[in-house]
Amino acid sequence: MSEVDPDQLDQLLALQDTDSRRRRLQHQLDDLPEQQLLIEAQQRIGEIERQHEDLRVALDRAGARQRQLEREVDVLTQRRDAERLRLYDGTVANARELKAVEAEIETTERRIEEHEEQLLEALEEVESLQAQLTGLETAQATERTRVEELTTSRDASAKEIIAEQAELDTTRDRQAADIDAGLLQRYEQAVTRAGGGVGVGKLDGQSCTACRVELSRADVGELYAGPPLTTCPQCRRLLVVPA
Ligand SMILES: [Zn+2]
């Protein structure tokens, strides 16, 4: 290639520097730490909502059981009271029948006790489930607050980066305008070949700043003897060889 003005090469390296900074900024924007934390917090909220739903179902069931047992205790109590009345209202005719009624009352009493024990257990279950629900609701509120905070923080970080990007874009336009079109095109092609990465390096001591590979003495000697803009023998990117 024809001789390139050393000033142009400095400008090209400055452009590369700007492009590298733009890439780092884009990477930062794509990979904001708050974003990952937000995803995690939202996953926890989802998990809490599932547990909440399960608990609600269990609570409905326990509540229904409690009401059923209360009704049964009522019915049994009424039955026992009615039997007791019969003992004294003169409808029981003889001692044998009296014994039968007394036995019936005893049986009913035992059933009432059993039902009351079950009712107590059901009440304890309802209470325990309600406490668990309250705990989950507190955890949910905490996570929601965290999501709000993280969103605010993420948006602020993004806004800062986007402002910085706009500034760098302006800088880049100015720098690119000062570079010869042919040279700029070679640079853009090198960037494309590098997958949008670094397109031009500079020989720094014995290594290329783009790939950081240390070159052999022979290579370095040849590079210094050659043109100020060449190709890195290692990474094939453009390489600026300082005078
Ligand atoms: Zn290289």
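The values are calculated or read from the model by the stated rules, or taken from the named source; none is laboratory data. All of these numbers come straight from a predicted model, not from anything done at the bench. Virtual Cβ from ideal backbone geometry, glycine too; neighbours counted across all protein chains shown.
Restricting Val220, Val198, Val191 to residues that are within 15 Å of the ligand (Cβ to nearest atom) and assigned to a loop (DSSP other than H, G, I, E, B) narrows the list to Val198.
Name every residue in region 78-130 that is closer than 22 Å to Gln68 by Cα and among the small types (Gly, Ala, Ser), in order of residue number. Once the filter is applied, which keeps residues that are closer than 22 Å to Gln68 by Cα and among the small types (Gly, Ala, Ser), region 78-130 yields Ala82, Ala122, Ser128.
Residues that are over 30 Å from Pro227 (Cα atoms), aliphatic (A, V, I, L, M) and under 42 Å from the mean Cα position of the chain (by Cα) do occur in region 64-79. Criterion applied to Arg174, Arg146 was being at pLDDT 95 or above, more than 16 Å from the ligand (Cβ to nearest atom), under 40 Å from the mean Cα position of the chain (by Cα) and buried (at least 16 other Cβ atoms within 10 Å of the Cβ), and the one residue passing it is Arg146.
Residue pairs whose Cβ atoms lie under 8 Å apart, separated by 6 or more positions or on different chains, with the first residue in region 79-102 and more than 20 Å from Glu113 (Cα to Cα) and the second modelled with pLDDT under 95 and in a loop (DSSP other than H, G, I, E, B), are Arg86/Val92; Leu98/Val92.
Taking the stated definitions as given, is Thr142 within 30 Å of Gly46 (Cβ to Cβ), assigned by TED's automatic domain parsing to the domain that holds Arg50 and without any contact (Cβ under 8 Å) to a residue 60 or more places away in the chain? The answer is yes for Thr142. Quick one: is Leu85 surrounded by 12 or more Cβ atoms within 10 Å (Cβ to Cβ) and either among the hydrophobic types (A, V, I, L, M, F, W, C) or not in a helix (DSSP H, G or I) (or both)? For Leu85, the condition - surrounded by 12 or more Cβ atoms within 10 Å (Cβ to Cβ) and either among the hydrophobic types (A, V, I, L, M, F, W, C) or not in a helix (DSSP H, G or I) (or both) - is not met.
Only one of the listed residues (Asp173, Asp219, Asp180, Asp155) is among the acidic types (Asp, Glu) and within 14 Å of Leu9 (Cβ to Cβ). That residue is Asp180.
For region 223-233, which positions are near the ligand (Cβ under 9 Å from one of its atoms) and surrounded by 20 or more Cβ atoms within 10 Å (Cβ to Cβ)? Across region 223-233, the qualifying residue is only Cys232.
Among the residues of region 234-243, those that are buried (at least 17 other Cβ atoms within 10 Å of the Cβ) and more than 8 Å from the ligand (Cβ to nearest atom) comprise Leu238, Val240, Val241. When Asp155 is tested against (1) more than 23 Å from Asp31 (Cα to Cα); (2) away from the ligand (no atom under 16 Å from the Cβ); (3) within 45 Å of the chain's Cα centre (by Cα), just one condition goes unmet, and that condition is (1).
Restricting the search to region 203-217, which residues are within 11 Å of the ligand (Cβ to nearest atom) and in contact with a strand residue (DSSP E or B) (Cβ under 7 Å, 6 or more places away or on another chain)? Please lay out each step first, then the result.
Step one: of region 203-217, the residues within 11 Å of the ligand (Cβ to nearest atom) are 203-204, 207-215.
Of everything in region 203-217, those that are within 11 Å of the ligand (Cβ to nearest atom) and in contact with a strand residue (DSSP E or B) (Cβ under 7 Å, 6 or more places away or on another chain) turn out to be Leu203, Ser207, Cys208, Thr209, Ala210, Cys211, Val213, Glu214, Leu215.
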